[in-house]
Amino acid sequence: MAAVAFGVLGPVTAGRDGDPVDLKGPRHRALLARLIAARRRVVPVDRLVADLWEVPPARAVGTLRTFVADLRRALEPERPRRAPARLLVTEGPGYALRAAPGAVDAWRFETAVAEAGDLPADRAAARLTAALGEWRGPAYADFGGEEWARGERSRLTELRLRAVERRADHLMAAGRAADAVPDLDAHLAEHPWREEAWRLLALALYRTGRQADALAALRRARALLADGLGVDPGPRLRRLEAGILAQDPALDPPAEHAEAAARLWTRATEAYDRTVAAGSRARLESAVGLLRVLALTGGGGLEAAREHRTAAVAAAEETGDAELTARVIGAYDVPAIWTRADDPGAARAIVAAAERTLAALPDDGTTAPARGKLLATVALESRGVRSPRGPQAAAEAERIARRLDDPALLAFALNGAFMQSCATPGQAPRRDAIGAELLALAGRHGLVAYEILGHLIRLQARAAHGDFATADRHATAADHLAERHERPLVAVFTTWYRALREAATAAPYDRAEAGYRAAAGTLDGAGMPGLAHGLLPLALLGLRLAHGRPPEADLGDDWGPYLPWARPFALLAEGRADQARAALGALPEPPPDLLQEALSCAEAALAVALGDRAAARRTYPRLLPASGQLAGAGSGLLTFGPVDTWLAALDRLR
């Protein structure tokens, strides 16, 4: 069979083995474009008629069938008469174009953009350059005024604009700032309202030694935003301007910045060596303090801290000094908001070391502060694990901290209690109370990192209740504190929250999807794989279900730990209902984290779609405690819609 390819990144085209296919008249082209936009899904005949004609003629359905027959002959001329079509197929109430995954330029472009995120900077820039070369003009250029094309055009256009900006970012990361400048100049000439592009241009100019030009670019951005939109530049632009004026070393090219980080880490590793060799315990504790500082910077600092923390704990244990080991473990009291570990193996190793140290410490009252920190560590690092030990350790750490009246220890213990608050769904009120206490405690005692954590916890809890006015206030407060105290990871959570709010407050589907995709960009280089893996496809699945759209689960996406819940949807979409039912029956109970309600609703959707009463009876009581809340919104990241909607559907089925 000849290779058939389609183009929609410009005028709509079709080709066979590199030769153009004659698509006949404009409505033939419109029909083909409409089916490509459906992305292999069936489009009912009545929908096609409504989309192709403003006022359908009397014999519109018959005419549509003629168009289909004409396209089939053009696309599959070798198909024997009366043989079933393999490309433009009739299915159920309508038609679908079963193009191969790489046969449509828009699909190839999306795949390339996604794959670039996993490549080193130089290869990622090259991949994005090739992907952007797919564009021949505006997406679906022939049908810019058609309602059915509007959403897909907007989505692809936003993806292209982000790809241009990501390519510039990768070029700078590869030490090629000068190469990024011309493309960004051209990009901003057409899209002057994109703050991220202005930020990248100013940074690229600064890194090529053009400080005055960088500041001039930021002034142009400020003027354009003020005159055109009546708004001031956002925090990232303001921070960059301040950094350029101060000639902040953090803005230096990545090679220079990496050298500085390497020098910083060398000091820590030298401290390890001296500790083990010469018994300098104070130096070991200092090195762990450095790890804590690195973790709070996010990105590479967080990854380095996570990588070397276990080595520091092992070095402490080798001294045979339980009290030293307790101090080393407890010194890493970095606030945590996400209830899934970034490195589960390292987390288990830390928990095991903490438990060994607890057993070795004398329980005579003098070691209570150390025991409290060890117990809080056990609670924190046991996140997302179903075991009675985590909640027990959290409660015991909290009792010790309250008895000692130690604010810093209590904040650490409350963080552990938060991590252990997901044993069952519906615990947003409990987490709201933890967040409120953290805010009051941190405000009284100047614990800024925990004050930010309190705002993020309350943001999540109020989102679960659909109280977005209160959640907005906490998001704004967290952003202000993060900007003032240089906590870059906070923006990841507040950006995702704002995408969730769009999705949950009746925003148009395409705008909500674009919000999620934009939020996913904040995870690039954030150093939080436990959060990043699988989050975007899960969010988009929830969005489709909440909007009553057929679920999509492309198993080629990075579903991370959520793959078991994606697989039944993919099987169902392929018409393999028996296998989907078996996969549903084999699903594990969702882990006790902030997304267990969302995953339970995914199970509910599958149970309803498959008419599986056993699955409905299993899922209903698990979801019931979350009645009245928005499923998954307690994560502050995504939602599957009201829990009560899913409970009602399950109740009818069971």
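Starting from residues that are in a strand (DSSP E or B) and not aliphatic (A, V, I, L, M), keep the ones in the stretch 77-101 and report whichever is modelled with the lowest pLDDT.
Glu91
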Every listed condition ((1) part of a loop (DSSP other than H, G, I, E, B); (2) more than 18 Å from Gly530 (Cα to Cα); (3) touching a residue at least 12 places away in the same chain (Cβ under 8 Å)) holds for Pro391 save (1)
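Would you be able to say whether some residue in the stretch 360-369 is within 12 Å of Ala413 (Cα to Cα) and not in a loop (DSSP other than H, G, I, E, B)? First the steps, then the outcome.
Step one: filter the stretch 360-369 for residues within 12 Å of Ala413 (Cα to Cα), giving 369.
Going one step further and asking which of them are not in a loop (DSSP other than H, G, I, E, B), we end up with 369.
Yes - at least one qualifying residue is present in the stretch 360-369.
Could you tell me whether the stretch 101-111 includes any residue that is closer than 27 Å to Leu225 by Cα, buried (at least 18 other Cβ atoms within 10 Å of the Cβ) and over 21 Å from the mean Cα position of the chain (by Cα)? It would help to see each step written out before you state the result.
Narrowing the stretch 101-111 to residues closer than 27 Å to Leu225 by Cα: none.
The answer is no; no qualifying residue exists.
Which residue out of Ala518, Ala491, Ala506, Ala469 is surrounded by fewer than 23 Cβ atoms within 10 Å (Cβ to Cβ), farther than 30 Å from Pro391 by Cα, of a type in the set (A, V, I, L, M) and in contact with an Asp or Glu (Cβ under 9 Å, 6 or more places away or on another chain)?
Values: Ala491 fails: farther than 30 Å from Pro391 by Cα; Ala506 fails: in contact with an Asp or Glu (Cβ under 9 Å, 6 or more places away or on another chain); Ala469 fails: in contact with an Asp or Glu (Cβ under 9 Å, 6 or more places away or on another chain).
On inspection, the qualifying residue turns out to be Ala518.
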Write out, first by first residue and then by second, each pair whose Cβ atoms fall under 9 Å of each other, whose residues are 6+ apart or on separate chains, and whose first residue, in the stretch 42-58, is at negative phi and in contact (Cβ under 8 Å) with a residue 40 or more places away in the chain while the second is surrounded by 14 or more Cβ atoms within 10 Å (Cβ to Cβ) and among the acidic types (Asp, Glu). Val43/Asp51; Asp51/Glu146
Cross-chain or 6+ apart pairs with Cβ under 8 Å, the stretch 480-502 first and in contact (Cβ under 8 Å) with a residue 12 or more places away in the chain, then open to solvent by 40 Å² or more (accessible area, probe 1.4 Å) and not in a helix (DSSP H, G or I): Leu481/Arg487; Ala482/Pro488
Quick one: in the stretch 394-431, which of the residues that are part of a helix (DSSP H, G or I) and of a type in the set (D, E, K, R) is surrounded by the fewest Cβ atoms within 10 Å (Cβ to Cβ)? Arg403
Out of the stretch 624-654, which residues are crowded, with 24+ Cβ neighbours inside 10 Å and hydrophobic (A, V, I, L, M, F, W, C)? Ala626, Leu630, Ala631, Ala633, Leu637, Leu638, Phe640, Val643, Trp646, Leu650
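Of all residues in the stretch 547-585 being part of a loop (DSSP other than H, G, I, E, B) and within 20 Å of Thr339 (Cβ to Cβ), which is modelled with the lowest pLDDT?
Asp558
Rundown of residues vs (1) out of contact with any Phe, Trp or Tyr (no Cβ under 7 Å at 6 or more places or on another chain); (2) β-branched (Val, Ile, Thr); (3) at pLDDT below 95, yes/no style:
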| position | (1), (2), (3) |
| --- | --- |
| Arg399 | yes, no, no |
| Pro407 | yes, no, yes |
| Leu410 | yes, no, no |
| Ala417 | yes, no, no |
| Arg431 | no, no, no |
| Ile434 | no, yes, no |
| Arg444 | yes, no, yes |
| Leu447 | yes, no, yes |
| Gly454 | yes, no, no |
Contact list, first residue from the stretch 175-201 and on the phi > 0 side of the Ramachandran plot, second anywhere and open to solvent by 50 Å² or more (accessible area, probe 1.4 Å), beta-carbon distance below 7 Å, six or more apart or interchain, is Gly175/Ala255
Within the stretch 52-65, is there a residue that is out of contact with any helix residue (DSSP H, G or I) (no Cβ under 7 Å at 6 or more places or on another chain), open to solvent by 70 Å² or more (accessible area, probe 1.4 Å) and polar (S, T, N, Q)? no
Which pairs do you get when a residue that is closer than 13 Å to Asp118 by Cα and of a type in the set (Asp, Glu), found in the stretch 518-532, comes within reach of a residue that is open to solvent by 30 Å² or more (accessible area, probe 1.4 Å) and outside any loop (DSSP other than H, G, I, E, B), reach meaning Cβ atoms under 9 angstrom, with the pair 6+ apart or on two chains? Asp524/Arg166; Asp524/Asp169; Asp524/Ala532
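The values are calculated or read from the model by the stated rules, or taken from the named source; none is laboratory data. Just so you know, these numbers come straight off a predicted model, no measurement behind them. Note that each Cβ is placed from the backbone with ideal geometry, even for glycine, and that neighbours are counted across all protein chains shown. With ligands, DNA and RNA removed, areas are computed over all heavy atoms of the protein, side chains included. Shrake-Rupley method; radii C 1.70, N 1.55, O 1.52, S 1.80 Å.
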